[in-house]
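Below is a structure I'd like to ask you about.
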Amino acid sequence: MNAPPATTPVAPAPDKASGINWAEKRYLIVDDFVGVRQLLREALRSLGARHIDQASSGGEAIGLLARIQYDVILCDFNLGEGKSGQHVLEEARIRGLLMPSCVWLMVSAEKSVEAVMGAAEHQPDAYIIKPITEGVLLTRLNRAWQKKQIFQEIDQAYLEKDYLRAAKLCEAAAARNKLHEVDLLRMRATLLLKAGEPEQARAVYEKVLQERDFNWARTGVGKIRMANGDHEAARQMFQGVIAENRFYLDAYDQLAKSLQNMGRLQESCDVLERAAKLSPNSVPRQRALGVTALKLGNIALAEKAFRKCLQIGEYSIMKTVDAYFGLARVLGQKNDPKEALLLLAAAQRDFSGRMIELRSKITEGLVYHESGDYRRARKSGDELEEMLSGERERPDTPTCLEMATLLFAVGVKDAPVELLCYVVRNNDDNIVLHDEVQRIFDKARMGDEGAALIQSARKEASEMMNKGVLLWKTNKLPEAVAWMREARKSLPDNMRILFNSAQILISHMQAKGYDEALMTEANDVLMHVDRIAPGQQRFAQLIEQLQKLIPGRMSAEEIEAELSAALKVDHDEE
Amino acid sequence: MEDRAGSPELFMFLASTVHDMKNSISVLTGTLENLLVQAGDSAQDNPAYPQMAQMLYQTKRLNDHLIQLLALYKEVGRPDYPFDPTPVQVSELVDQLAAQQRVLLQSKGIRLTTEFPPDLIWTLDEDLVLGLLAHAINNAVRYTRDQIALTIREQDGFMEVRVEDNGAGFPPAMLQAGQVVGQGINFLTNSSGLGLYFASEVAKSHKHRQRQGSIALENGGTLGGGCFILRLP
């Protein structure tokens, strides 16, 4: 089995018959140090490369990427002032400046926590540690390229949201490619989770864990536990991963989430603070820290997190308006409403939309109120009430809660009660949220009244759904469809109502035949679900059922089998 | 789970200084390698040639020490190092090492032979192991006469890497340092111990099924000189 002893050829960098013509590719080198750019250019030239562009800053790189399609990008992680290599990568990916086949190699002086343990959504194709030598460069280029080829079809299916097909492709590819097997299995598990198959995903993670104790696989099992509502078991798993590898940032973020889900805010905040210390340059993490600290009334910590968030956001496409609003609240509580209002003006300048206006107005009111200017706070509250009354739609849950808090504080009563009941009806099975709503009622000195309101709102929601399910089970399908349509109007974000709506629409078509309008309706409902809460267990199953209804996709017997299975499943659930 | 991060400002300062120094060393190494290649074999009689080869050797040592110092600072100042094991094709590991050392070895007139199972895949932190083995080869450059052998094989669930040379063998102090490394001995009292300590820490961070990696130093081996052995589970 062993190769015969061989004298290493003392010839130009050995290109292992990889079949890739690196000479014809188009390259971009991004580094702030001219010496390194020259060195990299020499290394690329020794591979035969002729088309090589250079950029000395992130901004310059983005300018080039917007105009020219590159095959290979060699980008330094640490670019001095301005955008970092990660910022450039994120912006290029989000703005769609990279071809799918483009290989991105991130160059860094040392193995940084961000680089290796980055829970960062956008990862380069490979990292290379300095000093770079031709041999390492060529090996990593070839490897990244081969990996791209293996993942090509899978990535395509992923983009089409056909998660189940992509997962099957992963399985087949893993059997053929020993070297990339672990990566393919990891991808497969991610896809199965997206497709609402957590048990299958868990099986993949557990298979990997039998071979090696990979942090991501253990964290993956924890995420499934959390998705199934077993927050305490999940917490223990994340804690275990951190105990073994203090740099695995994803586990911190997940641990914070599991604690949050159990209502343990202070601990969640502590975890985020530790993670932010290890890796301070993540916008989402600093935002989560700021929001949690603000909820806990830890003004100093919230201010630090939001300021850091703004600072990183300056160069990042991931910048968030939440940091502006959060910092404005902090400034209000520090009795500096002037500065806070400047920040709100900046938010409306840098971001746009009706939601931004609404949230600016809420924050303005809270700032006035918290800095003791009750007259102006009342005025903001009145303006907000007016904005609301002209609008039937309600914003997302956190915004509704903030708005209710403000309106109570400035002395309005009916509008916030209506908002809170709306929130509870839309989340009738989320106990932690009910507690939060109760606290808002308590603060407004409406504790008992609030408890009764929460109770009746929950009842209202479940009665509404039960009636729809009853109509469905007694086979009054058109009536069930019509009832659920009304239910969605009053509870547009209730997950159970949305899923059952889609299920009933599908049953209707299974029983009475395909109908273009019902098809569109079911599809719209599911896309709404995917927007407000992606990765749900039932989402992929319903999408698959829906796909099969398209004429010509399935035989009559299959439809019959699906129909009875669906009714049986629901019977077990309800 | 409390943090003992020490001084983050100092760490940031060190990290950015290292970043700068690494850039300089990259350029220095690259330039020297280019010069040596351009000079070609015919220049070997020129008295400047061996001096340049020596410069390249020293530059590589400088880089190794920088990597070690940084890792050690992280060990001391922070709880551990971001460790990232992935499956690696062993043949690619050898390719990268051979390519990294090619110019240096050629300029010093040293022959490198390699032997490894062509299909073997092992799970390891590629950059850490590459750094460790590059250091071992640099070290062998110092002790060898004219030959270095890099041999990899799989044995009893371990991957064993041997870096052997045909020199006079390691001095006794070095062998002794190799024996006590990782036993809590103060490596700072022994200069050759620093590299060994680093190598031992890297090896030990590789764990699998209750077993962990290790290093060893011997004299003898197939070439009769010094022999550095790395074993990873």
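The values are calculated or read from the model by the stated rules, or taken from the named source; none is laboratory data. Not measured: the values here are computed from a predicted model. Cβ atoms come from the backbone with ideal geometry, glycine included; neighbour counts cover every protein chain shown.
Of the residues A:546, A:498, A:491, only one is at pLDDT below 90, among the hydrophobic types (A, V, I, L, M, F, W, C) and under 23 Å from residue A:193 (Cβ atoms); which? Working first, answer last.
On the way: A:498 fails: at pLDDT below 90; A:491 fails: under 23 Å from residue A:193 (Cβ atoms).
Only one candidate passes the filter, namely A:546.
Take residue A:174 and tell me if it is more than 24 Å from the chain's Cα centre (by Cα), crowded, with 20+ Cβ neighbours inside 10 Å and modelled with pLDDT of 90 or more.
For residue A:174, the condition - more than 24 Å from the chain's Cα centre (by Cα), crowded, with 20+ Cβ neighbours inside 10 Å and modelled with pLDDT of 90 or more - is met.
Tell me, please, whether a residue that is within 24 Å of residue A:375 (Cβ to Cβ) and touching a Cys at 6+ places or on another chain (Cβ under 6 Å) can be found in segment A:415-422.
Yes, that holds for at least one residue.
Looking at (1) at pLDDT 90 or above; (2) more than 16 Å from residue A:334 (Cβ to Cβ), can you tell me which one residue A:303 breaks?
Looking at each condition in turn, residue A:303 falls short on (2).
In addition: In segment A:25-64, what residues are in contact with a Lys or Arg (Cβ under 8 Å, 6 or more places away or on another chain), assigned to a helix (DSSP H, G or I) and farther than 28 Å from residue B:25 by Cβ?
Answer for segment A:25-64, where residues must be in contact with a Lys or Arg (Cβ under 8 Å, 6 or more places away or on another chain), assigned to a helix (DSSP H, G or I) and farther than 28 Å from residue B:25 by Cβ: just A:62.
Just a yes or no: is a residue in segment A:149-171 within 12 Å of chain B (Cβ to nearest Cβ) and not in a helix (DSSP H, G or I)? Working first, answer last.
Here is the first cut: in segment A:149-171, the ones within 12 Å of chain B (Cβ to nearest Cβ) are none.
So far as segment A:149-171 goes, no, none of its residues is within 12 Å of chain B (Cβ to nearest Cβ) and not in a helix (DSSP H, G or I).
Do we have any residue at all in segment A:238-260 that's of a type outside the set (Lys, Arg), free of Cβ contacts under 8 Å to residues at least 12 places away in the same chain and surrounded by fewer than 19 Cβ atoms within 10 Å (Cβ to Cβ)?
yes
Out of A:497, A:454, I need the residue that is buried (at least 18 other Cβ atoms within 10 Å of the Cβ) and either closer than 25 Å to residue A:295 by Cβ or of a type in the set (Asp, Glu) (or both). Which one?
Only one candidate qualifies: A:454.
While we're here: Determine which single condition residue B:134 fails, assuming it passes every other condition in (1) more than 8 Å from every other protein chain (Cβ to nearest Cβ); (2) at pLDDT below 85.
Status for residue B:134: all satisfied but (2).
Also: So which residues in segment B:72-100 are more than 8 Å from every other protein chain (Cβ to nearest Cβ), crowded, with 19+ Cβ neighbours inside 10 Å and at pLDDT below 75, if there are any at all?
The answer is B:74, B:78.
The rows are residues; the columns are (1) buried (at least 20 other Cβ atoms within 10 Å of the Cβ); (2) farther than 28 Å from residue A:459 by Cβ.
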{"residue": "A:479", "(1), (2)": "no, no"}
{"residue": "A:484", "(1), (2)": "yes, no"}
{"residue": "A:489", "(1), (2)": "no, no"}
{"residue": "A:492", "(1), (2)": "no, no"}
{"residue": "A:502", "(1), (2)": "yes, no"}
{"residue": "A:506", "(1), (2)": "yes, no"}
{"residue": "A:514", "(1), (2)": "no, yes"}
{"residue": "A:530", "(1), (2)": "no, yes"}
{"residue": "A:534", "(1), (2)": "no, yes"}
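So, one more: Has segment A:54-75 got at least one residue that is modelled with pLDDT of 90 or more and at the interface with chain B (Cβ under 10 Å from one of its Cβ atoms)?
no
How many residues does segment B:155-176 contain that are loosely packed, with under 13 Cβ neighbours inside 10 Å and on the phi > 0 side of the Ramachandran plot?
2
Here's another thing I want to ask about it. Using the structure shown, decide if residue A:418 is more than 29 Å from the chain's Cα centre (by Cα), within 28 Å of residue A:484 (Cβ to Cβ) and either of a type outside the set (S, T, N, Q) or modelled with pLDDT under 90 (or both).
Here the answer is yes, as residue A:418 does meet what is asked.
Output yes when any residue across segment A:224-236 is within 14 Å of chain B (Cβ to nearest Cβ), under 26 Å from residue A:167 (Cα atoms) and buried (at least 19 other Cβ atoms within 10 Å of the Cβ), and no when none is. Explain how you work it out, then say what you get.
Taking segment A:224-236 as the starting set, the residues that turn out to be within 14 Å of chain B (Cβ to nearest Cβ) are A:235-236.
Those left that are additionally under 26 Å from residue A:167 (Cα atoms): none.
Within segment A:224-236, none of the residues are within 14 Å of chain B (Cβ to nearest Cβ), under 26 Å from residue A:167 (Cα atoms) and buried (at least 19 other Cβ atoms within 10 Å of the Cβ).
Could you list, in sequence order, the residues of segment A:322-349 that are part of a loop (DSSP other than H, G, I, E, B) and in contact with a helix residue (DSSP H, G or I) (Cβ under 8 Å, 6 or more places away or on another chain)?
A:334
Does residue A:567 satisfy being out of contact with any helix residue (DSSP H, G or I) (no Cβ under 6 Å at 6 or more places or on another chain), in a helix (DSSP H, G or I) and modelled with pLDDT under 80?
Answer is yes for this residue.
For every residue, the table says whether it meets (1) more than 12 Å from residue B:132 (Cβ to Cβ); (2) touching a Lys or Arg at 6+ places or on another chain (Cβ under 7 Å); (3) modelled with pLDDT under 90; (4) within 14 Å of another protein chain (Cβ to nearest Cβ).
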| site | (1), (2), (3), (4) |
| --- | --- |
| B:195 | no, no, yes, no |
| B:199 | no, no, yes, no |
| B:202 | no, no, yes, yes |
| B:205 | no, no, yes, yes |
| B:208 | yes, yes, yes, yes |
| B:217 | yes, no, no, no |
| B:220 | yes, no, yes, no |
| B:225 | yes, no, no, no |
| B:232 | no, no, no, yes |
